[in-house]
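Participant: Below are the structure tokens for one structure; questions will follow.
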Amino acid sequence: MIRSLLIGLVAGARSMTPLAAVSEAAHSGRLPADNGAPSWLGHPLVAAGSKMLAAGELAGDKWSRAPDRIVPAGLAARLVTAGIAGAALAPRRQAMTGAAVAATAAMVASYVTWALRMRALQCYGQTRSGLMEDTLVIGATTAIVAAR
């Protein structure tokens, strides 16, 4: 369950990056055999599409007009994507628990990471604070998905 919790925390900062990483891991056979991933998660179109959406989210986050992650649509996206990623990283028999843990963590982390980002914006500006956050999200996601 620790991986589900951690991926949920990361999803609080970026909704699509954890989903894209888990989808790519499912597509390339890098998830444990007894995982809770839905069967469609590893489909090539899902893996490609989620990566494109993640790239768009990373780029769009640097725009001054980008909506805050705590708006209802942003929270809903995090709830869904964290739940899917959390289930995929949990053993099949605990998929629902993994989804719930990840979704809950994402909701909490959304507010925490938003507050931290607002502080970083004041010091470093939109682009630099976003790039710092991207680096942390990508690094953490990669480590969480690769851990066994």
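The values are calculated or read from the model by the stated rules, or taken from the named source; none is laboratory data. Because the structure is a prediction, the values reported are computed rather than measured. In this analysis, Cβ positions are derived from the backbone assuming ideal geometry, glycine residues included, and neighbour counts consider all displayed protein chains. SASA here: full protein model, heavy atoms, side chains in, ligands and nucleic acids out. Shrake-Rupley method; radii C 1.70, N 1.55, O 1.52, S 1.80 Å.
Participant: What are the residues in region 38-53 that are in a loop (DSSP other than H, G, I, E, B) and either closer than 13 Å to A85 by Cα or among the aliphatic types (A, V, I, L, M) (or both), if any? Show your work before the answer.
Facilitator: Taking region 38-53 first, the residues in a loop (DSSP other than H, G, I, E, B) are 38, 43.
Within region 38-53, just P38 meets the criteria.
Participant: On to the next question. Looking at region 55-85 only, could you name the residues that are open to solvent by 70 Å² or more (accessible area, probe 1.4 Å) and assigned to a helix (DSSP H, G or I)? Working first, answer last.
Facilitator: Here is the first cut: in region 55-85, the residues open to solvent by 70 Å² or more (accessible area, probe 1.4 Å) are 63-65, 67, 72-73, 79-80.
Within region 55-85, P72, A73, L79, V80 meet the criteria.
Participant: If L121 meets every condition in (1) open to solvent by 40 Å² or more (accessible area, probe 1.4 Å); (2) closer than 18 Å to V22 by Cβ; (3) touching a helix residue (DSSP H, G or I) at 6+ places or on another chain (Cβ under 6 Å); (4) of a type in the set (A, V, I, L, M) apart from one, which number is that one?
Facilitator: Tallying (1) open to solvent by 40 Å² or more (accessible area, probe 1.4 Å); (2) closer than 18 Å to V22 by Cβ; (3) touching a helix residue (DSSP H, G or I) at 6+ places or on another chain (Cβ under 6 Å); (4) of a type in the set (A, V, I, L, M), L121 fails exactly one: (2).
Participant: Considering only region 90-103, state which residues are within 13 Å of I144 (Cβ to Cβ) and within 12 Å of the chain's Cα centre (by Cα).
Facilitator: Listed by number, the list holds a single entry, A102.
Participant: Answer yes if at least one residue in region 86-100 is aliphatic (A, V, I, L, M), under 25 Å from G130 (Cβ atoms), in contact (Cβ under 8 Å) with a residue 60 or more places away in the chain and open to solvent by less than 60 Å² (accessible area, probe 1.4 Å), and no otherwise.
Facilitator: no
Participant: What's the number of the condition R148 fails, among (1) closer than 13 Å to S4 by Cα; (2) at pLDDT 95 or above?
Facilitator: (2)
Participant: Write out, first by first residue and then by second, each pair whose Cβ atoms fall under 6 Å of each other, whose residues are 6+ apart or on separate chains, and whose first residue, in region 1-20, is farther than 23 Å from A120 by Cβ while the second is assigned to a loop (DSSP other than H, G, I, E, B) and open to solvent by 10 Å² or more (accessible area, probe 1.4 Å).
Facilitator: R3/L89; S4/L89
Participant: Within region 33-41, identify whether any single residue is modelled with pLDDT of 95 or more, crowded, with 21+ Cβ neighbours inside 10 Å and under 16 Å from M1 (Cα atoms), and answer yes or no.
Facilitator: Within region 33-41, not a single residue is modelled with pLDDT of 95 or more, crowded, with 21+ Cβ neighbours inside 10 Å and under 16 Å from M1 (Cα atoms).
Participant: With the condition kept exactly as written, say whether any residue in region 95-110 is under 20 Å from V46 (Cβ atoms) and not in a helix (DSSP H, G or I).
Facilitator: First pass over region 95-110, keeping only residues under 20 Å from V46 (Cβ atoms): 95, 98-99, 102-103, 106.
The next check asks that each one be not in a helix (DSSP H, G or I); those that pass are none.
No; the residues of region 95-110 include none that is under 20 Å from V46 (Cβ atoms) and not in a helix (DSSP H, G or I).
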